[in-house]
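None of the figures in this text is laboratory data; all of them are computed from the coordinates on show. In this text, all values refer to a predicted model and were calculated from it rather than measured experimentally. Heads up, the Cβs are rebuilt from the backbone with ideal geometry, glycines too, and the neighbour counts pull from every protein chain shown.
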Amino acid sequence: MVQDLRRIVFTIKEVLQAIEDYRQLASGFLPAGEIVGATPGEAHALNVTLENMVNGAPQQTTCTLGSLEVLKALIPFCIANGIMMPRAGQKSFAITNDGATLNIKLDVKLSGVKDRPKHVGTGVR
């Protein structure tokens, strides 16, 4: 079996754009406010900083997006930007201070490849 392994690296700017784009599609994904930054959280989470004007003064709040929520934003971002991904691929990612890395693993069974005896060339079958 062949393994197709892919690694897609995003800058923090691209991650935030993916989150903003997904926010437009999924109401309630994030609270109101302008996304002004993000930092890595625990267990592949992302802490997103939002800013609102309250009584004429800027007020910041932080919302934590879990790993599944970040993946929900990154996948349509890839599709919209022509980045090919296998649908059946196993997806995982890591958040860093600089951005994110999306890892995709797909096991591909090749036709025409026959199983061989365990001890090829030894005469033992």
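Would you pick out the residues in segment 93-117 that are small (Gly, Ala, Ser) and either touching a Cys at 6+ places or on another chain (Cβ under 6 Å) or in contact (Cβ under 8 Å) with a residue 40 or more places away in the chain (or both)? Can you show your working first?
Step one: filter segment 93-117 for residues small (Gly, Ala, Ser), giving 94, 99-100, 111-112.
Result: ALA94, GLY99, ALA100.
Has segment 1-15 got at least one residue that is touching a Pro at 6+ places or on another chain (Cβ under 9 Å) and either surrounded by 11 or more Cβ atoms within 10 Å (Cβ to Cβ) or of a type outside the set (Val, Ile, Thr) (or both)? So that I can check it myself, show each step before the final result.
Initial filter on segment 1-15 (touching a Pro at 6+ places or on another chain (Cβ under 9 Å)): 4, 6.
Subsequent filtering for residues that are either surrounded by 11 or more Cβ atoms within 10 Å (Cβ to Cβ) or of a type outside the set (Val, Ile, Thr) (or both) retains 4, 6.
Within segment 1-15 (the criterion being touching a Pro at 6+ places or on another chain (Cβ under 9 Å) and either surrounded by 11 or more Cβ atoms within 10 Å (Cβ to Cβ) or of a type outside the set (Val, Ile, Thr) (or both)), the answer is yes, since at least one residue qualifies.
Check off (1) assigned to a loop (DSSP other than H, G, I, E, B); (2) touching a residue at least 12 places away in the same chain (Cβ under 8 Å) for GLU42 and give me the number that stays unchecked.
(2)
Condition test on LEU30, is it part of a loop (DSSP other than H, G, I, E, B), in contact with a strand residue (DSSP E or B) (Cβ under 8 Å, 6 or more places away or on another chain) and crowded, with 16+ Cβ neighbours inside 10 Å?
On the way: part of a loop (DSSP other than H, G, I, E, B): yes; in contact with a strand residue (DSSP E or B) (Cβ under 8 Å, 6 or more places away or on another chain): yes; crowded, with 16+ Cβ neighbours inside 10 Å: yes.
Spelling it out, LEU30 is indeed part of a loop (DSSP other than H, G, I, E, B), in contact with a strand residue (DSSP E or B) (Cβ under 8 Å, 6 or more places away or on another chain) and crowded, with 16+ Cβ neighbours inside 10 Å.
Kindly check whether there is at least one residue in segment 33-56 that is of a type in the set (Gly, Ala, Ser), loosely packed, with under 12 Cβ neighbours inside 10 Å and on the phi < 0 side of the Ramachandran plot.
Just the residues of segment 33-56 that are of a type in the set (Gly, Ala, Ser), to begin with: 33, 37-38, 41, 43, 45, 56.
Retained after the next criterion (residues that are loosely packed, with under 12 Cβ neighbours inside 10 Å): 43, 56.
With on the phi < 0 side of the Ramachandran plot added as a condition, the list becomes none.
Looking through segment 33-56, none of the residues is of a type in the set (Gly, Ala, Ser), loosely packed, with under 12 Cβ neighbours inside 10 Å and on the phi < 0 side of the Ramachandran plot.
When you look at GLN59, is it surrounded by fewer than 16 Cβ atoms within 10 Å (Cβ to Cβ) and touching a strand residue (DSSP E or B) at 6+ places or on another chain (Cβ under 9 Å), yes or no? It would help to see each step written out before you state the result.
Values: surrounded by fewer than 16 Cβ atoms within 10 Å (Cβ to Cβ): yes; touching a strand residue (DSSP E or B) at 6+ places or on another chain (Cβ under 9 Å): yes.
Answer is yes for this residue.
Looking for something touching a helix residue (DSSP H, G or I) at 6+ places or on another chain (Cβ under 8 Å), touching a residue at least 24 places away in the same chain (Cβ under 8 Å) and outside any helix (DSSP H, G or I) - is there at least one such residue anywhere in segment 14-24?
Scanning segment 14-24 turns up no residue that is touching a helix residue (DSSP H, G or I) at 6+ places or on another chain (Cβ under 8 Å), touching a residue at least 24 places away in the same chain (Cβ under 8 Å) and outside any helix (DSSP H, G or I).
Does segment 62-71 contain any residue that is within 30 Å of LEU110 (Cα to Cα) and out of contact with any His (no Cβ under 6 Å at 6 or more places or on another chain)? Can you show your working first?
Within segment 62-71, the first condition is being within 30 Å of LEU110 (Cα to Cα), and the residues that meet it are 71.
Restricting the remaining residues to those that are out of contact with any His (no Cβ under 6 Å at 6 or more places or on another chain) gives 71.
Yes, some residue in segment 62-71 is within 30 Å of LEU110 (Cα to Cα) and out of contact with any His (no Cβ under 6 Å at 6 or more places or on another chain).
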